[in-house]
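Only one structure is covered here, and it is reproduced in the block below.
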Amino acid sequence: MLMLEWLLVLCWILIGFVIARYVGVRGNLLAIVALPVGVSVTLAFALVQFVLPLPSWPLLALLGAIVVALLLLTLDVYRRTMSREWRSLLLASLVASVAVAIQLWLPLRNWSTDSLYYLEFSTQLATDNFSNGYLGEIEKRLLAVPVLHGFAIQLGVGDHLRTIGGLFALCILFLVWWLLRSRLRGSYRTAADVAGVAAALSLVTFNRFIFHTFYINSHLFVALIMLMIAGLLWARIVGFELGSSPDGLAIVATLVVPALVVSRAEGGLLALIIGIGFLTQASGRAPLVYMATAGASIAVWNFGMVLAAMSTDVEPSRSALLMLALGVATIPASVVILRMPAAWRSFLPFVFEASLWAFLLAMVIRDDEILLKSAQATFVNLAGFEGGWGVTGLIFVGLCVLAIAGYRCREDLILRLAVTTFVPLSFLLAYLREGAYRVGDGDSLNRMWMHLLPIALVFVVQRFALNRLRVPTYLSQKVTNSA
Amino acid sequence: MRIGIVIAMLTVLIASNLVEFYPIETTRDPEMDAIRIHDADDRDLLEVGLAESSNVRRWFSSHAAVGALAPDSTILLPADAPFASPRITSSLYGFGDAADVRKITFRETYDTLDEVLNAAGRQALASEVVGSFATGPGKTRFAQWILLIDRLNATSTDVLVGFSFEVDGEVIMALVDQRLVSSSVGWDVDA
């Protein structure tokens, strides 16, 4: 039976390989992104399925992804552009097969009550019993995790996929290594590889990283997709060789956006935050297509929520209506922003970040208890080590602060934005969910650190390795005087 | 020089993580352990959760019991009961394997289970031979639950009628096989 799970993984890799290869991704990068691209395209079909009156079976979404892959494969064969990239497919399939075998042999699985809520929706999707009566809960859980584990139920291999978490973790580790190695290669030769491997090792040795690898929840997948989007767009902006044409990088980053939107309630906002960095630093059609995809995905998902509420005489939630408006407004707003002079556009990230802090301030003026309790709990989780991140977590936060404050660098804006907006966004989410964060490793924010960790690691390492530490003026004067 | 410092910094992070891994693991709530090896990997997560976690039992045992004892049932929930919520409906479809969940309004009010049962129902309640009887702790808007099924005549298309009773300030959810409900108990199915 578990052979079916292995075949499903290979099917996703094949779909992702065909699509990513078609848009110009090559070599190791192709091997790394094949699985997440395959999964993300499947999730994009699941999103369409959710809104249209179609059966909710996950296998139907997979069928849609297979059809797209077959069409692209036919075009490839017809144009005779099929090149020697089979090595990447073989590599991805081999590594995935070994990882699947190890995970089936070593039954590691982490779960909490939340995991069972996801699986509850998986059952409903797999049995096409998905009704509109549970809007509150599905708005909170979203579609990605229920669809993924719904495959297990529909294939009859249990109530959850046993190996997908480990595979996502491997993709994160390889991508961290490949991004850093590729970025640092111009300045350092072998040391670039060593730094990349060391960064991946520092990630995988975090106790919480291992926890999330086997945890049935959306955090690790969000971390992977965020790293993919931010990392590939960063490579496109800076122009370092990652193993793809610039357009290929933008297309793959855009293809996985719907998956981020349907992974977490804040997934759409995360996609837009990265998109703002892209809009600010890139020109042409690529940022517009990215923002249009993000806006459309947010609009479609929330339109589905509003429609379902109205069809059952339930008042649509305020957040669904707001996000629907945001999704629709994203497209014209992006057009306007792209037509602005470049000097104006460069202020956009700062205006956006300032707006997030202003919103948070407005919320605090209305009710300061949520922020105070949340900040206190977060402090205890990190500095009091209640969150399971250990001393390393605290050191890493210090390194992030140093990387942000100690260096002046514009080219990594897209990574920096993801890191610096995390704090105000997280605390704003506490207000939206109407409850403060709490002490303990099961706390939402404590688990959400996982979304940020891989991007923050890449951000810190490349900043330290490529830039000169900015010494405050008064300190440099002291040094000069004493000399 | 800079890359050397970066590699050294990452090495310190790796070493720190390795040193801390075990202490973190041993001071966590077991539910949050990074490495949890399961003996029987072929078990469903719901089964594992019900066996290992009192929290999971409180949230899901009532629905799982319906799924195990009366799959494909039509479940009628009193519209004014605190547990007639989307959350419960969702679980009844998900883990309760319900064919349909509908809201009903009783024509009269009832205070105890005895009042709504017929003779067969009272016999089923008293004897596990004729009634498949399950109870457990609840969490979502009810403190306890009772599931009463006519075991001898159970089919795959049973109708379970939901009742809400309040005992000592706590709400009890009872799901009773329609064949065990007194014919004097009447209700209207909500539109």
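Among the listed residues A:Arg236, A:Arg183, A:Arg208, which satisfies the condition of being farther than 23 Å from B:Ser16 by Cβ, part of a helix (DSSP H, G or I) and within 14 Å of another protein chain (Cβ to nearest Cβ)?
When all the criteria are applied, what remains is A:Arg183.
Among the candidates A:Trp86, A:Trp6, A:Trp12, single out the residue that is farther than 18 Å from A:Pro258 by Cα and either in contact (Cβ under 8 Å) with a residue 40 or more places away in the chain or surrounded by 23 or more Cβ atoms within 10 Å (Cβ to Cβ) (or both).
The conditions single out A:Trp6.
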Inside region B:81-95, the number of residues satisfying the requirement of being at the interface with chain A (Cβ under 7 Å from one of its Cβ atoms), open to solvent by 10 Å² or more (accessible area, probe 1.4 Å) and in contact (Cβ under 8 Å) with a residue 12 or more places away in the chain is 3
Residue check for B:Asp80: within 24 Å of A:Gly150 (Cβ to Cβ) and at pLDDT below 90: no
In region A:211-224, what residues are in a loop (DSSP other than H, G, I, E, B), of a type outside the set (Gly, Ala, Ser) and more than 9 Å from every other protein chain (Cβ to nearest Cβ)? A:Asn217
Out of contact with any helix residue (DSSP H, G or I) (no Cβ under 9 Å at 6 or more places or on another chain), within 30 Å of B:Gly49 (Cβ to Cβ) and open to solvent by 10 Å² or more (accessible area, probe 1.4 Å): does that describe A:Pro55? no
Options A:Gly268, A:Gly304, A:Gly275; residue that is small (Gly, Ala, Ser), within 13 Å of the chain's Cα centre (by Cα) and closer than 20 Å to A:Leu47 by Cα: A:Gly268
Evaluate the following for A:Leu29: is it in contact (Cβ under 8 Å) with a residue 40 or more places away in the chain, assigned to a helix (DSSP H, G or I), out of contact with any helix residue (DSSP H, G or I) (no Cβ under 6 Å at 6 or more places or on another chain) and surrounded by 22 or more Cβ atoms within 10 Å (Cβ to Cβ)? yes
Out of the residues in region A:280-293 meeting the condition of being under 18 Å from the mean Cα position of the chain (by Cα) and in contact (Cβ under 8 Å) with a residue 40 or more places away in the chain, tell me which one is farthest from A:Val328 (Cα to Cα). A:Pro287
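When only residues in region A:187-205 that are facing another protein chain (nearest Cβ under 7 Å) and of a type in the set (Ser, Thr, Tyr) count, which is least open to solvent (accessible area, probe 1.4 Å)?
A:Ser202
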Condition first: within 14 Å of chain B (Cβ to nearest Cβ), outside any helix (DSSP H, G or I) and open to solvent by 20 Å² or more (accessible area, probe 1.4 Å). Now tell me which residues in region A:428-449 satisfy that. A:Arg438, A:Val439
For region B:10-28, how many residues are within 7 Å of chain A (Cβ to nearest Cβ) and either over 15 Å from A:Ile210 (Cβ atoms) or of a type outside the set (Lys, Arg) (or both)? 11
Return yes when B:Ala51 is open to solvent by 70 Å² or more (accessible area, probe 1.4 Å), more than 11 Å from every other protein chain (Cβ to nearest Cβ) and not in a loop (DSSP other than H, G, I, E, B) and no when it is not. no
Can you tell me which residues in region B:96-127 are in a strand (DSSP E or B), surrounded by fewer than 20 Cβ atoms within 10 Å (Cβ to Cβ) and within 14 Å of chain A (Cβ to nearest Cβ)? B:Asp100, B:Arg102, B:Lys103
Hey, among A:Leu227, A:Leu269, which residue is of a type in the set (A, V, I, L, M), in a helix (DSSP H, G or I), open to solvent by 20 Å² or more (accessible area, probe 1.4 Å) and closer than 19 Å to A:Leu453 by Cα? A:Leu269
Which one of these is aromatic (Phe, Trp, Tyr), within 27 Å of B:Gly67 (Cα to Cα) and assigned to a loop (DSSP other than H, G, I, E, B): A:Phe151, A:Phe130? A:Phe130
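The values are calculated or read from the model by the stated rules, or taken from the named source; none is laboratory data. Not measured: the values here are computed from a predicted model. Cβ coordinates were reconstructed from backbone atoms using ideal geometry, including for glycine residues, and neighbour counts include every protein chain displayed. Just so you know, the surface numbers come from the protein's heavy atoms only, side chains and all, with ligands and any DNA or RNA stripped out. Shrake-Rupley method; radii C 1.70, N 1.55, O 1.52, S 1.80 Å.
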